[in-house]
Amino acid sequence: MKALHEALPVVAKREGASVIVFKDYPKRYRETLGYFASNGYCRVPSMPSSKADLDYKDFEDYMQRRLGKVFRKNLRRKFRASEEIGRPEMTVREDVSDIIDEVYPLYKQTLARAEFSFEELTPEFLARIGREMPDKARFFIWRLDGKVVAFNFCLLHDHVLYDMDIGLDYSVALDLHLYFVTWRDVFDWAIKNGVRTYHTAPLNYDPKLHLRLELAPLDLYICHTSQWINPLFRLAMGFLQPARHHPILLKFPNAGEL
């Protein structure tokens, strides 16, 4: 850590960078990166992911034991309404390169509707990651009458399933309540396949709050390369931190961990 702390300003100067950022480190790294936090860097909470332990028989058991009565009733109503139209069939695969032309447009639809977005994945990325990481990549594909209407890209590691990106066909997604249908099906698959913990990507916190997930804090470590500007920069970041101004985050029971 000391060597990295010493080297980064040299690299930043060479590259013409005015700010150095460690982005989205889970809180388990706080002790390791504590050297930075006490030597010129400020640690601020990034937009957190969320998680759920999967010590349940299936999603029905999760609903019964974990969710509130009103939301549980609301979910069942959504599932019934969806099945009246048709229940999409889910398959799981490691590689989607052969159907990338069906999958990628759904990702683009969902990205276009997002309130915030941090990057845009390319079709080449989604096609290659399954080929190069078949032991980790899991693509959940939902078809209705043979047509792909939803997909979910996840990474599987050490009994933890990391939900990375979702794509929905919005010509049917709202009527089919695909957002919640995909949750149910992925939970069921994960429990049956020995997954112990489910992690989501950041943002879209309202349904995650109602689904009784816990926050999984992610940290930013930030420093301005100017020793004169950095004290004011650190002070400003205390007010500008992204998680500070998101009211729903404060409703999570473990919001204090941020």
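Results, tabulated for the structure shown:
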item: Surface/4 estimate of mean projected area, convex hull on alpha-carbon atoms of region 1-94, nm²; result: 11.8
item: Gaussian network model of the chain, springs between alpha carbon atoms under 10 Å - residue of PRO202, PRO217, PRO247 with greatest fluctuation; result: PRO247
item: Two-decimal ratio, region 62-180, of alpha-carbon radius of gyration to 2.2 N^0.38 Å; result: 1.14
item: For LEU155, net neighbour charge (Lys/Arg +1, Asp/Glu -1) across residues whose Cβ lies under 13 Å away; result: -4
item: Gain upon complete extension [ASN254, LYS13; 0.36 nm per residue less C-alpha separation]; result: 82.9 nm
item: Accessible surface, per residue, of region 1-55 when the full set of protein chains is kept, probe 1.4 Å, Å²; result: 62
item: The chain: most fluctuating residue of LEU240, LEU176, LEU218 per GNM, C-alpha cutoff 10 Å; result: LEU240
item: Fraction of accessible area attributable to carbon and sulfur, region 5-44 (%, probe 1.4 Å); result: 53
item: Residue-normalised accessible area of region 80-161, expressed per residue, 1.4 Å probe, Å²; result: 58
item: Those aspartates and glutamates that a straight Cα-Cα span of less than 12 Å connects to LYS51, excepting residues fewer than 8 apart in one chain; result: ASP163, GLU214
item: Once the Cα gyration tensor of the chain is diagonalised, semi-axes √(5λ) in Å; result: 37, 22, 17
item: In order through region 39-55: 3J(HN,Hα) via Karplus (6.51 cos²θ - 1.76 cosθ + 1.60), integer Hz, x for Gly, Pro; result: 9, x, 9, 10, 9, 10, x, 7, 5, x, 7, 9, 8, 9, 6, 10, 8
item: Relative contact order, percent, the chain [alpha-carbon distance under 8 Å, six or more residues apart]; result: 34
item: For region 127-141, 3J(HN,Hα) per residue [Karplus equation, 6.51 cos²θ - 1.76 cosθ + 1.60, θ = phi - 60°, Hz, x = Gly/Pro]; result: 6, 7, 5, x, 5, 8, 10, x, 6, 10, 6, 9, 10, 9, 10
item: For region 232-254 versus region 127-168, the gap between their alpha-carbon centres in whole angstrom; result: 31
item: Calculated from backbone phi, Karplus (6.51, -1.76, 1.60) coupling profile of region 23-31 in Hz, x at Gly/Pro; result: 10, 6, 8, x, 5, 5, 8, 4, 5
item: Restricting region 10-67 to GluC sites (Glu not before Pro) in coil, as DSSP defines it, with at most 10 other Cβ within 10 Å; result: GLU31
item: Shape category assigned to region 127-196 from the gyration tensor of Cα positions, a/c cut at 1.5; result: oblate
item: Residue with peak Gaussian network fluctuation, the chain [Cα springs, cutoff 10 Å], from ARG14, ARG143, ARG80; result: ARG14
item: Dipole magnitude of region 1-68, debye to nearest 20 (Cβ charges: Lys/Arg +1, Asp/Glu -1, about Cα centre); result: 320
item: When each of LYS108/LYS147; LYS108/LYS136; LYS208/LYS251; LYS69/LYS192; LYS108/LYS208; LYS136/LYS192 is checked by Cα-Cα distance, pairs over 19 Å; result: LYS108/LYS136; LYS69/LYS192; LYS108/LYS208
item: Accessible surface of region 154-254, 1.4 Å probe, proportion on carbon and sulfur as whole %; result: 60
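The values are calculated or read from the model by the stated rules, or taken from the named source; none is laboratory data. Computed from a predicted model, the values in this text were never measured in an experiment. Virtual Cβ from ideal backbone geometry, glycine too; neighbours counted across all protein chains shown. Areas reflect the complete protein model, heavy atoms only, side chains present, ligands, DNA and RNA absent. Shrake-Rupley method; radii C 1.70, N 1.55, O 1.52, S 1.80 Å.
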